[in-house]
Amino acid sequence: MDRIELLSPAKDLDTGVAAINCGADAVYVGAARFGARESAGNSLPDLQALIDYAHRYYAKIYVTVNTLLTDAELPAAEELIQRLYDMGADALIIQDAGLLELDLPPIPLFASTQMHNHTPEKVAFLEKVGFQRVILARELTLDQIREIRTRTNIELETFIHGALCVSYSGQCYLSYALGGRSGNRGQCAQPCRRLYRLVGADGRVVVKDRYLLSLRDLNQTESLADLVKAGVCSFKIEGRLKDKAYVMNVTAHYRQQLDAILSGKGWQKASSGQVTFDFKPDPAKTFNRGFTSYFLHGRGAPIASPDTPKWTGEPVGRVKRVSSRGFTLESSLVELHPGDGLCYFDHNKELRGMVVNQVNGLEVTVERYEGLHPGMRVYRNHDHAFLNALEKSRTERKIRVDMAVSVDADELRLGLEDEDGVKAFVVLPGKFAAAENPENARAVLERGMRKLGGTEFTCCNFQVNWQSARFVPVATANELRRQGIVALAQARQTQRKRPEGGARVNRTVYPVYRLDFTGNVLNRMAEQFYRRHGVEQIEPAAEAGLNLRGRRVMTTKLCLRFELGACLKQKDRRELPPDLSLVDEQGNLFPLRFNCADCVMEIIFAGKTGSKD
């Protein structure tokens with residue numbers, strides 16, 4: 001586990017290639033079906049093209065098959081997995097334990113964070129039944145990750161950037177309860193990004209119309225070294241629905257950060273090639289809701305983003321004056337440009353946007369606006385110059401190669417060795433006369449051999465071995481170089497080690513003997529799996545048609561008492577009415593239960609307010 005992996009998302013082929021070019025060691029991507037982001041599926045030909053491209057750099061492609069499956073879907077899922085294996089996919093990310101009961105090819109299995117991988121006991125079990133990697137729950141602290149590492153040998157993957165699910169992943173049933181769209185089936189309607197009011201049992205409104213379940217985005221930039229030392233080997237960026245600019249920017253940022261950490265420390269990146277950036281990565285320049293390190297270092301700073309679930313962007317300044325054409329700033333923290341997108345909160349706390357037409361010092365002309373007044377703060381959530389630089393980027397990823405040419409009277413030989421120690425050797429026969437100008441002959445030969453543009457290689461060291469200088473025609477040198485690069489690329493693929501894995505059929509005892517609906521057992525194969533591993537009582541998954549009225553539909557480390565300064569563990573706390581509940585815009589009531597022993601908040605679904613059904 002001395003190889004450290006930067007794992008990037010991709011919604012499509014183009015984004016996946018961009019992620020590889022920006023330094024991703026691996027990319028995770030959805031197939032056409034059975035992915036937890038239903039709208040981020042890809043055709044098999046596109047997946048094949050992405051796999052082939054990634055493998056040039058010894059990068060890997062992981063395919064998500066991480067939804068709960070019905071009995072009727074299992075045969076299609078089994079067929080899809082075989083196709084993915086035949087195409088060269090490097091691993092499957094899965095949620096449904098029923099897949100382990102199928103006749104799968106020997107492809108590595110990664111336990112999706114949707115499997116709720118939050119304890120050493122659960123992770124140890126997954127290791128024993130054949131998973132090669134677990135994707136850890138986002139809520140874990142650094143100490144909890146360290147404990148899992150000391151008690152298991154399995155690969156550990158953790159999220160380091162991007163959107164956060166407010167509920168423990170795989171344990172959220174709010175979307176399904178409200179409208180039948182299940183997050184565990186890839187159809188989440190994101191009710192956590194909607195408006196709620198917080199009320200007491202007496203009906204008193206404590207907080208009105210805020211996005212009380214919306215979290216800030218994760219950013220573990222400052223904690224990467226701690227995570228490496230704790231035993232994490234894969235660092236995951238969230239975002240299979242994000243655009244190409246986001247993936248490029250965030251991947252490039254973490255590539256630079258990890259390279260600085262790994263340098264001279266005995267760790268290596270998990271793929272080949274050095275990236276040369278022609279832009280300056282900055283995570284603040286692409287979508288985010290403000291950043292948090294979440295619970296990695298314990299409960300501390302606020303983690304919620306209650307004002308808006310949208311991206312406000314970077315602060316610009318405060319409005320001094322408003323005119324018919326725009327506004328004047330008191331001062332500006334950034335340099336604005338025509339085409340920039342700005343936003344602000346009006347007096348109703350509604351986020352509004354506008355586009356910059358012209359900038360003259362602190363005077364800003366915009367297309368249109370309403371509700372903007374002096375004293376309001378303005379933010380930039382579309383940096384036109386930065387995004388334009390990303391769009392035009394010619395960022396390159398090159399594998400370093402040493403080249404050695406030998407020439408005698410009737411033979412031209414080229415030896416190549418890349419940064420991974422892969423070697424290739426080609427020979428061209430011919431008649432090579434003595435050079436009249438040895439220095440020029442060598443310079444022309446070297447210049448021709450170094451012309452590797454358009455390939456994934458770059459020449460770092462070049463040497464010529466000859467007893468006497470020979471003249472090599474440019475066309476001959478070009479042919480030698482072409483054959484050498486083809487031979488090296490073929491050698492790399494021949495020597496690339498394909499990862500192997502797969503389920504282990506055994507009777508390892510599962511950590512618990514009873515599963516309620518949160519065990520997510522939707523098909524007979526999943527039930528068979530858990531019964532073989534000692535589970536005696538199994539309630540079907542919610543998606544089997546369970547009535548969730550009166551049931552817990554979300555468990556979250558977000559505690560509204562804590563966020564409001566009313567934590568029961570604090571001495572100087574704000575007093576709130578008892579029996580708090582959330583009410584959404586449709587009048588659905590969600591009583592809150594505060595489990596202070598485990599420091600979690602539980603959300604119960606009670607249906608429409610005033611309804612007795």
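The values are calculated or read from the model by the stated rules, or taken from the named source; none is laboratory data. Since the structure is predicted, the reported quantities are computational estimates derived from the model, not experimental observations. Methodologically, a virtual Cβ is constructed for each residue, glycine included, from the backbone with ideal geometry; neighbour enumeration extends over all protein chains shown. We work out accessible area using only protein heavy atoms, side chains counted, and drop any ligands, DNA or RNA first. Shrake-Rupley method; radii C 1.70, N 1.55, O 1.52, S 1.80 Å.
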Using the Kirkwood radius built from alpha carbon pairs, what does the Stokes-Einstein equation give as D for the chain at 37 °C and 0.692 mPa s, in µm² per second? 121
In square nanometres, what is one fourth of the surface area of the convex hull spanned by the alpha carbons of region 285-366? 6.6
Give me Rg/Rg_expected for region 442-586, where Rg uses Cα atoms only and Rg_expected = 2.2 N^0.38 Å with N residues. 2.29
List the lysines whose alpha-carbon lies under 30 Å from that of residue 569, not counting same-chain residues fewer than 8 positions away? 122, 208, 557
Please give the charge dipole size of region 135-256, origin at the Cα centre, charges +1 on K and R Cβ atoms and -1 on D and E Cβ atoms. Round to the nearest 20 debye. 420
Given the convex hull of the Cα atoms of region 510-572, what is a quarter of its surface area in nm²? 6.2
Of the trypsin sites (Lys or Arg not before Pro) in region 483-559, those whose Cβ has at most 10 other Cβ within 10 Å and which sit in DSSP loop: 497, 507
Can you tell which of 167, 43, 274 lies farthest toward the positive end of the dipole of the chain, using +1 and -1 charges on the Cβ of basic and acidic side chains (Lys, Arg; Asp, Glu)? 167
Would you compute, from DSSP H runs of 4+ residues alone, the mean residue ellipticity of the chain at 222 nm, taking -39500 (n - 2.57) per run and dividing by the full residue count, rounded to the nearest 500? -7000 deg cm²/dmol
Using only the alpha-carbon atoms, how far is helix 474-495 inclined from the longest principal axis of the chain? Give it as 0 to 90 degrees, nearest 10. 50
For residue 515, what charge total do you get from the other residues with a beta carbon under 15 Å from its beta carbon, if Lys and Arg give +1 and Asp and Glu give -1? 0
Relative to the chain, whose Cα atoms define the longest principal axis, helix 44-56 and its Cα axis are tilted in degrees, nearest 10, by 60
Of the trypsin sites (Lys or Arg not before Pro) in region 275-346, those whose Cβ has at most 16 other Cβ within 10 Å and which sit in DSSP loop: 299, 310, 325
Note on the chain, DSSP bridge orientation, antiparallel percent to nearest 5 equals 60
Can you run phi through the Karplus equation (6.51, -1.76, 1.60; θ = phi - 60°) for region 576-582 and list ³J(HN,Hα) in whole Hz, with x for Gly and Pro? 10, x, x, 6, 6, 9, 9
Taking 20 °C and 1.002 mPa s as the conditions, I'd like the Stokes-Einstein D for region 471-541 in µm²/s, using the Kirkwood hydrodynamic radius from alpha carbon pairs. 126
Taking Cα atoms, the helix 74-87 axis meets the longest principal axis of the chain at an angle in degrees (rounded to 10) of 30
Charges on Cβ only, +1 for Lys and Arg, -1 for Asp and Glu, centred on the Cα centroid of the chain; of 99, 214, 75, which one is farthest towards the dipole's positive end? 214
Rounded to two decimals, what is Rg over Rh for region 167-279 when you use alpha-carbon atoms and the Kirkwood radius? 1.11
Can you list which of the trypsin sites (Lys or Arg not before Pro) found in region 566-595 are DSSP loop residues with at most 12 other C-beta atoms within 10 Å? 569, 571, 574
Based on Cβ point charges of +1 for Lys and Arg and -1 for Asp and Glu, what charge dipole magnitude is obtained for the chain about its Cα centre, in debye rounded to the nearest 20? 1060
Please provide three numbers in whole Å: the alpha-carbon extents of region 328-426 along the principal axes, with the largest listed first. 82, 27, 21
Quick one, can you get me the convex hull of the C-alpha atoms of region 554-613 expressed as volume per residue in Å³? 96
For region 143-195, what does the equivalent ellipsoid look like in terms of its semi-axes, each the square root of 5 times an eigenvalue of the Cα gyration tensor, given largest first in whole Å? 30, 12, 10
What fraction, in whole percent, of alpha-carbon pairs in region 410-511 exceed 22 Å separation? 43
Where the Cα atoms of region 50-186 are projected onto their three principal axes, how long is each span, largest first, in whole Å? 40, 39, 29
Report in % the part of the accessible area of region 153-257 that belongs to carbon and sulfur, leaving out ligands and nucleic acids; probe 1.4 Å. 41
Quick one: grab Rg to one decimal and Dmax as a whole number for region 448-503, Cα atoms only, in Å. 16.3, 61
Taking the Cα centre as origin and putting +1 on Lys and Arg beta-carbons and -1 on Asp and Glu beta-carbons, what dipole magnitude results for region 470-613, to the nearest 20 debye? 980
